[in-house]
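Have a look at the structure below before the remarks.
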Amino acid sequence: MQHDKVLILDFGSQYTQLIARRVRELNIYSEIHPYHKVPDQLEDYKAIILSGSPMSVRSEKAFHIDLEQIRGKKPLLGVCYGAQYLAHFHGGEVAPSNIREYGRAHLEMIKDDEALFKNVSKGSQVWMSHSDTIKELPTGGVRLASTADVANAAYRIDGEDTYAIQFHPEVYHSTDGKQLLENFLVNIAQVNPDWTPNAFVEETVDALKEQIGNDKVVLGLSGGVDSSVAAMLLHKAIGENLYCIFVNNGLLRKNEFTQVLDQYEGMGLNVKGVDASARFMDALAGLDDPEAKRKAIGRVFIEVFDDEAHQVQDVTWLAQGTIYPDVIESVSATGGPSATIKSHHNVGGLPDFMKLKIVEPLKALFKDEVRRVGKSMGMASDLLGRHPFPGPGLAIRILGDITPEKVAILQEVDAIFIDNLRKWNLYDSVWQAGAILLPVNSVGVMGDERTYEKCVALRAVESTDGMTADWVNLPYEFLQATSNEIINKVKGVNRVVYDISSKPPATIEWE
Ligand code: XMP
């Protein structure tokens with residue numbers, strides 16, 4: 001299948017991937033290439049976007065590109081650094097701005113009938129993030145819009161389909177940003193918006209067939225959305241040559257292992273369920289340091305997975321459900337190491353000694369896009385709508401050492417909490433929820449008896465990506481009913497508290 005393609009040249013902005021995402025939301029296919037590697041086959045692209053950058057065009061170390069090879073040849077949109085670059089090196093001037101320009105601003109269009117601003121409302125909110133400003137437009141520049149602090153917030157070059165904007169249309173806070181991108185891509189550059197989730201599935205399946213041929217692939221299913229959608233794509237491409245392994249580490253939610261295994265079998269996947277609970281419990285015995293627990297779980301997982309993978313003869317590929325946020329959380333946009341808070345995630349987590357080639361069909365997608373792709377393959381909405389659940393499972397929700405008894409208590413508490421969220425129709429409005437077993441006993445009274453039992457915390461958060469989160473204002477009646485049910489039904493628990501901390505400064509998991 002042939003689709004119109006858009007080229008995004010990346011100058012290292014933290015938002016470059018968001019540009020690609022907005023473009024995909026318009027059902028347009030795009031590719032990100034580094035600014036210094038402009039593809040030779042320019043005729044393959046219908047439009048080009050220059051991203052923002054942490055760099056200043058005035059710096060000695062500015063990232064340089066030979067714009068003459070693309071300018072005037074293809075419709076071009078410069079965003080932030082892209083807009084400044086075009087001005088600074090083509091007859092205009094960029095200077096440090098007197099006021100730092102971050103955050104919201106409002107667009108005042110110079111003319112009513114510019115193609116770039118079709119259906120963009122007057123005074124539309126846009127998001128600024130720059131400390132240089134465009135003082136003089138480049139040769140042939142025509143100013144299109146200003147804001148209160150920025151005279152040249154948008155311009156075009158006379159006689160060319162070259163446009164430039166100082167603000168970031170790709171961030172959500174630029175209210176009409178997507179409309180503006182649509183105006184540029186569909187109306188000005190005449191890109192055909194025909195790249196849908198179905199097209200993604202068809203093309204990815206074709207590409208996987210080509211890449212993998214008759215080889216065998218192993219994939220670790222987790223019960224979560226990402227690994228399940230990756231498995232379905234591979235299943236479509238290579239059928240029985242995909243060997244899925246679903247490991248029960250004994251730290252899953254109540255009944256999850258059998259329920260999810262049934263669901264996978266129902267989807268036609270070639271899946272083997274491996275109950276390794278005892279091995280995990282042995283490895284965890286006596287450990288109470290969070291990092292030590294994580295390490296033990298990681299080590300046993302690799303051992304179990306490796307044992308199982310070795311039973312598949314001649315396997316050469318390992319598939320992973322890595323999605324784009326896993327990639328950005330592990331490596332910064334410019335390729336350097338970013339904060340390692342999330343190094344435990346799926347990227348690079350598997351052992352070298354397996355010597356398998358890696359295939360990651362979801363690597364360019366965000367979570368909600370993964371869900372859309374899953375939906376277009378007919379996957380069940382309860383599987384696609386599941387809350388994220390950490391790989392080490394309930395182990396990071398039991399503070400202190402882990403015993404089978406504690407796991408059983410927490411599974412009961414968690415099941416009541418999650419079932420109630422569903423019953424009260426709250427499940428889908430919460431991003432993630434779970435219960436935490438605290439290492440404290442407290443005094444209570446049941447009947448005429450004094451008790452000295454465990455305390456559990458309930459946590460429900462709203463978030464978009466888990467990087468930041470806020471606690472959810474669950475109705476008091478819900479909390480009351482859930483707390484009552486937990487204390488009445490779960491032996492060993494006499495106290496329930498609700499966590500009202502945001503992230504940061506707290507985290508979602510208690511560990
Ligand atoms: P924190 O506790 O860092 O969690 O605020 C952020 C998100 O990451 C999930 N999480 C994990 N997911 N493997 C995973 O696949 C892990 O080791 C892991 N640790 C935390 C957590 O559930 C939340 O959604």
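The values are calculated or read from the model by the stated rules, or taken from the named source; none is laboratory data. As the structure is a computational prediction, the values presented were derived from the model and not from experiment. For neighbour counting, all protein chains shown are included, and Cβ atoms are generated from backbone atoms with ideal geometry for every residue, glycine included. Just the protein is used for accessible areas: all its heavy atoms, side chains included, with ligands, DNA and RNA removed. Shrake-Rupley method; radii C 1.70, N 1.55, O 1.52, S 1.80 Å.
Name the residues in the range 346-381 that are at pLDDT below 85 and β-branched (Val, Ile, Thr), would you?
Val347
For the range 27-41, which positions are assigned to a loop (DSSP other than H, G, I, E, B) and either open to solvent by 20 Å² or more (accessible area, probe 1.4 Å) or more than 14 Å from Leu77 (Cβ to Cβ) (or both)?
Answer for the range 27-41, where residues must be assigned to a loop (DSSP other than H, G, I, E, B) and either open to solvent by 20 Å² or more (accessible area, probe 1.4 Å) or more than 14 Å from Leu77 (Cβ to Cβ) (or both): Asn27, Tyr35, His36, Lys37, Val38, Pro39, Asp40, Gln41.
Does any residue of the range 278-289 turn out to be over 26 Å from Ile402 (Cβ atoms), modelled with pLDDT of 90 or more and either in contact with a strand residue (DSSP E or B) (Cβ under 6 Å, 6 or more places away or on another chain) or open to solvent by less than 20 Å² (accessible area, probe 1.4 Å) (or both)? Please lay out each step first, then the result.
Initially, the range 278-289 is screened for residues over 26 Å from Ile402 (Cβ atoms), giving none.
Within the range 278-289 (the criterion being over 26 Å from Ile402 (Cβ atoms), modelled with pLDDT of 90 or more and either in contact with a strand residue (DSSP E or B) (Cβ under 6 Å, 6 or more places away or on another chain) or open to solvent by less than 20 Å² (accessible area, probe 1.4 Å) (or both)), the answer is no, since none of the residues qualifies.
So which residues in the range 491-511 are surrounded by fewer than 18 Cβ atoms within 10 Å (Cβ to Cβ) and farther than 21 Å from Gly393 by Cβ, if there are any at all?
Lys491, Val497, Tyr498, Ile500, Ser501, Ser502, Pro504, Pro505
Going by what's in this entry, would Asp428 be described as loosely packed, with under 12 Cβ neighbours inside 10 Å and under 30 Å from the mean Cα position of the chain (by Cα)?
Yes.
Given the conditions (1) open to solvent by 30 Å² or more (accessible area, probe 1.4 Å); (2) of a type outside the set (S, T, N, Q); (3) within 26 Å of the chain's Cα centre (by Cα), which single one is not true for Ile49?
If we test Ile49 against (1) open to solvent by 30 Å² or more (accessible area, probe 1.4 Å); (2) of a type outside the set (S, T, N, Q); (3) within 26 Å of the chain's Cα centre (by Cα), just (1) comes out false.
Just the residues that are small (Gly, Ala, Ser), open to solvent by less than 20 Å² (accessible area, probe 1.4 Å) and under 18 Å from Leu426 (Cβ atoms), please, taken from the range 444-466.
Result: Ala457, Ala460.
Tell me which residues, restricted to the range 380-407, are farther than 21 Å from Phe280 by Cα, surrounded by fewer than 17 Cβ atoms within 10 Å (Cβ to Cβ) and either away from the ligand (no atom under 16 Å from the Cβ) or of a type in the set (Val, Ile, Thr) (or both).
Residues satisfying the conditions are Ala380, Ser381, Asp382.
Looking at Asn484, Asn473, Asn488 in this structure, which one is open to solvent by 80 Å² or more (accessible area, probe 1.4 Å) and under 30 Å from Tyr324 (Cα atoms)?
From the options Asn484, Asn473, Asn488, the qualifying one is Asn473.
Would you point out the residue of the range 460-511, among those that are in a strand (DSSP E or B) and under 25 Å from Ile297 (Cβ atoms), that is nearest to the ligand (Cβ to nearest atom)?
Lys503
Among the candidates Ala283, Ala296, which residue alone is over 26 Å from the mean Cα position of the chain (by Cα), of a type in the set (Gly, Ala, Ser) and over 30 Å from Ser463 (Cβ atoms)?
Among Ala283, Ala296, only Ala283 is over 26 Å from the mean Cα position of the chain (by Cα), of a type in the set (Gly, Ala, Ser) and over 30 Å from Ser463 (Cβ atoms).
How many residues does the range 64-82 contain that are open to solvent by less than 40 Å² (accessible area, probe 1.4 Å) and in contact (Cβ under 8 Å) with a residue 40 or more places away in the chain?
Number satisfying all stated conditions: 9.
Hey, can you tell me all the residues within the range 171-190 that are under 25 Å from Tyr45 (Cα atoms) and part of a loop (DSSP other than H, G, I, E, B)?
Val171, Asp176, Ala189, Gln190
Pairs only if they're at least six apart or on different chains, beta carbon under 6 angstrom, first in the range 428-456 and under 21 Å from Ala415 (Cβ atoms), second surrounded by fewer than 11 Cβ atoms within 10 Å (Cβ to Cβ) and of a type in the set (Lys, Arg); list them, first residue then second.
Listed by first residue and then by second, the contacts come to nothing, as the list is empty.
Taking the stated definitions as given, is Tyr85 loosely packed, with under 15 Cβ neighbours inside 10 Å, among the hydroxyl-bearing types (Ser, Thr, Tyr) and not in a loop (DSSP other than H, G, I, E, B)?
no
Among the residues of the range 205-223, what is the count of those that are within 15 Å of Glu265 (Cα to Cα) and either more than 16 Å from the ligand (Cβ to nearest atom) or not hydroxyl-bearing (Ser, Thr, Tyr) (or both)?
Adding up the residues that qualify gives 4.
May I ask you to verify whether Leu242 is more than 24 Å from the chain's Cα centre (by Cα), under 14 Å from Ile358 (Cα atoms) and more than 16 Å from the ligand (Cβ to nearest atom)?
Yes, satisfied.
Looking at the structure I just gave you, is Lys111 in contact (Cβ under 8 Å) with a residue 24 or more places away in the chain, in contact with a strand residue (DSSP E or B) (Cβ under 8 Å, 6 or more places away or on another chain) and open to solvent by 80 Å² or more (accessible area, probe 1.4 Å)?
Numbers: in contact (Cβ under 8 Å) with a residue 24 or more places away in the chain: yes; in contact with a strand residue (DSSP E or B) (Cβ under 8 Å, 6 or more places away or on another chain): yes; open to solvent by 80 Å² or more (accessible area, probe 1.4 Å): yes.
It is true that Lys111 is in contact (Cβ under 8 Å) with a residue 24 or more places away in the chain, in contact with a strand residue (DSSP E or B) (Cβ under 8 Å, 6 or more places away or on another chain) and open to solvent by 80 Å² or more (accessible area, probe 1.4 Å).
Evaluate the range 157-170: report whether one residue or more is among the β-branched types (Val, Ile, Thr), touching a residue at least 60 places away in the same chain (Cβ under 8 Å) and in a helix (DSSP H, G or I).
Among the residues of the range 157-170, not one is among the β-branched types (Val, Ile, Thr), touching a residue at least 60 places away in the same chain (Cβ under 8 Å) and in a helix (DSSP H, G or I), which makes the answer no.
If Pro439 satisfies every condition in (1) open to solvent by less than 20 Å² (accessible area, probe 1.4 Å); (2) outside any helix (DSSP H, G or I) but one, which is the exception?
Failing condition for Pro439: (1).
Quick check on this structure: which one of Leu410, Leu437 is touching a strand residue (DSSP E or B) at 6+ places or on another chain (Cβ under 6 Å), farther than 23 Å from Ser502 by Cβ and within 16 Å of the ligand (Cβ to nearest atom)?
Exactly one of Leu410, Leu437 is touching a strand residue (DSSP E or B) at 6+ places or on another chain (Cβ under 6 Å), farther than 23 Å from Ser502 by Cβ and within 16 Å of the ligand (Cβ to nearest atom), namely Leu410.
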